[in-house]
Amino acid sequence: MTISTREQAAQAATTLTTELGKIIVGQSQVVEETLIALSAGGHALIEGVPGLAKTLLISTLASATSLSFSRIQFTPDLMPSDITGTEVIREDKATGTRELVFLPGPVFASVVLADEINRTPPKTQAALLESMQERQVTAGGQRRKLPAPFFVLATQNPIEQEGTYPLPEAQLDRFLLKISVGYPSEAEELEIIRRTTGNSAAQVAPIVDAEGLLAIQRLVRDTPIADGVARFCLGLVRATRPTTEGGHPEISKLLRWGAGPRAGQALVLSAKARATLKGRNFVTLEDVRAVAKPVLRHRLQPGYEAEAMGMAPDAIIDKLLSVVSLPKGALEKDPAVAGAVGAGA
């Protein structure tokens, strides 16, 4: 599918969602947030209890986008070279000469499923840091570019603590979104049982290729954002910081630390991606509100007061959205969106 306009990007997103629906039952919000991450060119951490089709979603998405795909099953004995690749000695049988040859690891794929990423030690988790941030791997003193587009979609189980290694904050911050997968409804679960206990198997058709995804990413970057909407993103991020750094007193007291500048970038980029996938050439406050939880939930650390009240990050973000606002009329005065979006849009 050739993609050059936002209307075509929206059509591609709709078709992709339909194709994924052949395999994945329900989980419309999870699918939407995953497509936002891909369209924005970011990585996603998908968290949910076992059996909620996290791995199936990612592998199906790779099939529907006709991208190269690799799965890394993270275990306590996994080594960094098992991910990035290693140099081996290869002998030329004709001449008898030997040379070092680099064998690429599974990270050299467009879609990398990092399954149960919190089950491997920090040194192996860190092997993904350079790949995620720089889109390259340094091995044997040489930098090797990863394919474009490149996405790391990682899964983790939130309920098991035995034999797990929580991701450090520096690495969590490199995930554009943290997507939470919940239990299906009763009707959806019945449909899952029906689909998966018979002989028939649905096939997913490839909808978008690498060039199409790169075109969508360019459209996302080109989507304008009004100054008022950008200031709303900034206000959300700054409100999470200590009051001495401009934080909101009702929010700061609930957190040990707040979000950094990368959170503001992620808010804007994710909101642009959502607008683009809806076929719009402008970003609304609703776009920002819709992506606030997946963008911020892994960048906030609840403090003692929040824990005492049983407030999880999502509850804190709900409160954040309720206390941060723009002056009435701030958006209407912005010529970039005049007449297109109001202060409450």
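The values are calculated or read from the model by the stated rules, or taken from the named source; none is laboratory data. These numbers were taken from a predicted model, which means no experiment stands behind them. Cβ atoms come from the backbone with ideal geometry, glycine included; neighbour counts cover every protein chain shown.
Exactly one of (1) in a loop (DSSP other than H, G, I, E, B); (2) farther than 21 Å from ALA273 by Cα is unmet by LEU100. Its number?
Looking at each condition in turn, LEU100 falls short on (1).
Taking the stated definitions as given, is ILE3 in contact with a helix residue (DSSP H, G or I) (Cβ under 8 Å, 6 or more places away or on another chain), β-branched (Val, Ile, Thr) and either at pLDDT below 85 or not assigned by TED's automatic domain parsing to the domain that holds LEU177 (or both)?
Considered against the rule, which asks whether it is in contact with a helix residue (DSSP H, G or I) (Cβ under 8 Å, 6 or more places away or on another chain), β-branched (Val, Ile, Thr) and either at pLDDT below 85 or not assigned by TED's automatic domain parsing to the domain that holds LEU177 (or both), ILE3 comes out as yes.
Please report, ordered by residue number, the helices (runs of 4 or more DSSP H) entirely within the stretch 261-319 with at least 1 residues that are acidic (Asp, Glu) and more than 18 Å from GLU169 (Cβ to Cβ).
Filter on the stretch 261-319 gives 285-296, 304-308.
Residue by residue, here is whether (1) touching a residue at least 12 places away in the same chain (Cβ under 8 Å); (2) within 21 Å of the chain's Cα centre (by Cα) holds:
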site: SER185; (1), (2): yes, no
site: LEU190; (1), (2): no, no
site: ASN199; (1), (2): no, no
site: GLY228; (1), (2): yes, no
site: PRO242; (1), (2): yes, no
site: PRO249; (1), (2): no, no
site: LEU255; (1), (2): yes, no
site: GLY258; (1), (2): yes, yes
site: ALA273; (1), (2): yes, yes
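If a residue must be touching a helix residue (DSSP H, G or I) at 6+ places or on another chain (Cβ under 6 Å), closer than 15 Å to THR276 by Cβ and not aliphatic (A, V, I, L, M), how many such residues does the stretch 34-54 contain?
So the answer is 2.
Of all residues in the stretch 308-344 being small (Gly, Ala, Ser) and closer than 30 Å to GLU47 by Cβ, which is modelled with the lowest pLDDT?
SER325
So which of ALA210, ALA226, ALA202 is buried (at least 17 other Cβ atoms within 10 Å of the Cβ), more than 22 Å from VAL49 (Cα to Cα) and among the hydrophobic types (A, V, I, L, M, F, W, C)?
None of the other options fit; the residue is ALA226.
From THR97, THR55, THR84, which residue is without any contact (Cβ under 8 Å) to a residue 40 or more places away in the chain and in the same structural domain as GLN133 (by TED's automatic domain parsing)?
Of THR97, THR55, THR84, the one residue that is without any contact (Cβ under 8 Å) to a residue 40 or more places away in the chain and in the same structural domain as GLN133 (by TED's automatic domain parsing) is THR97.
List the number of the failed condition for LEU255; all other conditions in (1) surrounded by 15 or more Cβ atoms within 10 Å (Cβ to Cβ); (2) under 21 Å from ALA37 (Cβ atoms) hold.
(2)
Tally up the residues in the stretch 112-126 that are buried (at least 20 other Cβ atoms within 10 Å of the Cβ) and small (Gly, Ala, Ser), please.
Number of matching residues: 1.
What is the residue count in the stretch 133-182 for residues that are among the aliphatic types (A, V, I, L, M), surrounded by fewer than 16 Cβ atoms within 10 Å (Cβ to Cβ) and closer than 15 Å to PRO122 by Cα?
Matching residues across the stretch 133-182 total 2.
Condition (residue is under 22 Å from LYS178 (Cβ atoms) and at pLDDT 90 or above) applied to the stretch 239-248: is it met by at least one residue?
The answer is yes; a qualifying residue exists.
Give the residues of the stretch 106-128 that are within 18 Å of ALA37 (Cβ to Cβ) and part of a helix (DSSP H, G or I), sorted by residue number.
ILE117, LEU128
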